[in-house]
Every structure is written in structure tokens, then in C-alpha cells.
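K.L.:
Would you mind keeping the following structure in view while I ask a few things?
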Amino acid sequence: MIITLKYFGLLVDITQKKEEVFRLDETKVSVSFLKTKMETAYGELKNTNYSIAVNQAMSSLDYNIKDQDVIAFLPPFAGG
């Protein structure tokens, strides 16, 4: 499975990337699994509040990611 990961705001500083293509060998991957995997790769994410969107829609942690999905890691933001 190949997915695209996008990072915004403070998360770009943590990952040193705005975007990356990520290959997963697993066939069934939840947002929760991916979150844990990314927090292992980028340890500072563990201490950061952020939300995750899949294909431009906010996602629950139990959502199953599909091949070619675009996953966005979003820092907290304020409206106004």
C-alpha cells in the first residue's frame, strides 16, 4: 500500500518535510496504527497535539486507510 503523508505548520518543523510518500507492507492499517508508527519515526510528535485527516476529511483513529489515500497531519488551529 502506498499513501501520501502531508505535514503542516509546526509538524513540518518536526518532520523536516512538507510531504512524503510512504509504503506500508501491511494490508490493513488504521489511522491509530499509522499515528503510532509516525510517532516512533518522529519522536517529537508524541509530545505534540495534532489531528489527522484522510482525503481532506477529519478522521477517527479506527478508520482503515486505503491504498493511495492522502493523510494530513494538522497542528491545532484557531478560527477567527
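K.L.:
Translational diffusion coefficient, Stokes-Einstein: compute it for the chain using the Kirkwood radius over C-alpha pairs as Rh, at 20 °C and 1.002 mPa s, and state it as an integer in µm² s⁻¹.
P.N.:
Diffusion coefficient, whole number: 168 µm²/s.
K.L.:
Grab the DSSP H runs of the chain that are 4 residues or longer, score each as -39,500 (n - 2.57), total them, divide by all residues and round the 222 nm result to the nearest 500 deg cm²/dmol.
P.N.:
So the calculated ellipticity at 222 nm is -6000 deg cm²/dmol.
K.L.:
Right, another one. To the nearest 10 degrees, how steeply does helix 31-41 sit against the main Cα axis of the chain, on a 0 to 90 scale?
P.N.:
Approximately 70 degrees, to the nearest 10.
K.L.:
Please give the per residue accessible area of the chain, computed with a probe of 1.4 Å over protein heavy atoms only, in Å².
P.N.:
Per-residue value: 64 Å².
K.L.:
If you don't mind, another one. Once the other residues with Cβ under 14 Å from the Cβ of Leu24 are scored (Lys, Arg +1; Asp, Glu -1), what is the net sum?
P.N.:
Net charge in that neighbourhood comes out at 0.
K.L.:
Considering only DSSP beta bridges where both residues belong to the chain, give the percentage that are antiparallel (nearest 5).
P.N.:
Among the beta bridges of the chain, antiparallel pairing accounts for roughly 75 percent.
The values are calculated or read from the model by the stated rules, or taken from the named source; none is laboratory data. Worth saying up front: this structure is predicted, and the values here are computed from it rather than measured. Here the Cβ is made from the backbone with ideal geometry for all residues, glycine too, and neighbour counts use every protein chain on show. Remember, those area values only see protein heavy atoms, side chains included, never the ligands or the DNA or RNA. Shrake-Rupley method; radii C 1.70, N 1.55, O 1.52, S 1.80 Å.
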